[in-house]
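Colleague: Could you have a look at this structure, given as structure tokens, before my questions?
The values are calculated or read from the model by the stated rules, or taken from the named source; none is laboratory data. Please read all numbers here as calculations on a predicted model, not as lab measurements. Here Cβ is always computed from backbone atoms with ideal geometry, including for glycine, and neighbour counts include all displayed protein chains. Surface areas here come from the heavy atoms of the whole protein model, side chains and all, with no ligands, DNA or RNA. Shrake-Rupley method; radii C 1.70, N 1.55, O 1.52, S 1.80 Å.
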Amino acid sequence: MNKITTILTVRHGQTAYNTEKRYAGSLDIPLNETGIRDSENASVFLKNFELDIVVASGLKRAIRTAELLVAGRDIKIIQTNLCNERNYGRMQGMTYTEIEEIRPRIKFIKLNDDFHSLNPPEGETFPALRRRANLFTQSIFQNYKGSNILVVSSSAFMQQMHGIFHGNDCMESLRNDIHNLECTIFTFEGRKLIEEKTVSLRKKDSAVQQTF
């Protein structure tokens, strides 16, 4: 019988760059006060889950979110740059308006209500990001199969990770909007996805969406 593996993915709490609409990417931006408070409150929801391991990106905003989500619990937090946010190159630290001044112009594709940069100067392409997400996902199943795993990372990386779980290609994966402290719970039998649900861990918008 195939082992059951549960993977919970959570996008980090709010940062100043989120509110200022700046690209953070691989810049090591910390949580702001709201992000800290929301992450502390969100830990109440996760107390209902038995977790074996927590994996966080190597960036402060993900590490601190992970620490707050499992505060007071004896759970090891593993940090890895494999699940860091996408590197946006010269776009990092800039607002959407400032990016419009970059020459040559950056190519964007619109999916749903969001725009995604195809060629960030000196940045990471989507195929490169997808390869990294594949490596990370393979590592999770190889090392923690049959466990309950919490993964704390950032939106662009998690879009590709979720896309791998769903069997979606690199571009189709971008249609999945992932908000701060949004938790998606994936249940696998072996490597087959058998159940999924999404819940916001922020008190003001804690709706649950059952997918499978």
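Colleague: Over the chain, with a Gaussian network built from C-alpha contacts below 10 Å, which listed residue (LEU150, LEU174, LEU68) shows the highest mean-square fluctuation?
Modeller: LEU68
Colleague: Go through 73-79, 140-146 and give me the packing order, highest mean Cβ count within 10 Å leading.
Modeller: In decreasing order of mean packing, 73-79, 140-146 become 140-146, 73-79.
Colleague: While we're on this one: Please work out the C-alpha center-to-center distance from region 6-43 to region 104-171 and express it in whole Å.
Modeller: Going from one Cα centre to the other spans 18 Å.
Colleague: Can I ask one more? Which of these values of Kirkwood radius over Cα pairs in Å was calculated from the structure shown: (1) 17.5; (2) 19.3; (3) 19.8?
Modeller: Here the calculated entry is (1).
Colleague: Sticking with this structure for a sec: Which chymotrypsin sites (Phe, Trp or Tyr not before Pro) from region 40-97 combine a DSSP loop assignment with at most 15 other Cβ atoms within 10 Å?
Modeller: Taking region 40-97 and a limit of 15 other Cβ atoms within 10 Å, the loop chymotrypsin sites (Phe, Trp or Tyr not before Pro) found are PHE49.
Colleague: For region 84-179, what class follows from the C-alpha gyration tensor (a ≥ b ≥ c being the square roots of its eigenvalues): rounded when a/c is under 1.5, otherwise prolate if a/b is larger than b/c, else oblate?
Modeller: prolate
Colleague: Just in region 61-107: which GluC sites (Glu not before Pro) are loop by DSSP and have at most 16 other Cβ atoms within 10 Å?
Modeller: Hits after loop and neighbour filter: GLU100, GLU101.
Colleague: Another question, if that's okay. Using a 1.4 Å probe and counting only protein heavy atoms, arrange MET158, MET94, MET171 so the residue with the most accessible area comes first.
Modeller: The most accessible residue leads, giving MET171, MET94, MET158.
Colleague: Counting only protein heavy atoms and a 1.4 Å probe, tell me what percentage of the chain's accessible area is made up of carbon and sulfur.
Modeller: On the chain, the fraction of accessible area on carbon and sulfur atoms equals 46 percent.
Colleague: What lysines does LYS3 reach when the alpha-carbon gap must be under 16 Å and sequence neighbours fewer than 8 apart in one chain are set aside?
Modeller: Qualifying lysines at Cα under 16 Å: LYS145, LYS192.
Colleague: Please compare each pair in LYS21/LYS47; LYS21/LYS76; LYS47/LYS197; LYS76/LYS203 to a cut-off of 22 Å on the Cα-Cα distance and tell me which ones are over it.
Modeller: Over 22 Å Cα-Cα: LYS21/LYS47; LYS21/LYS76; LYS76/LYS203.
Colleague: Another one. Could you order THR97, THR6, THR65 by accessible surface area, starting with the largest, using a probe radius of 1.4 Å?
Modeller: Heavy-atom accessible area, descending, gives THR97, THR6, THR65.
Colleague: At 1.4 Å probe radius, can you tell me the per residue accessible area of region 53-187 in Å²?
Modeller: That works out to 45 Å² for each residue.
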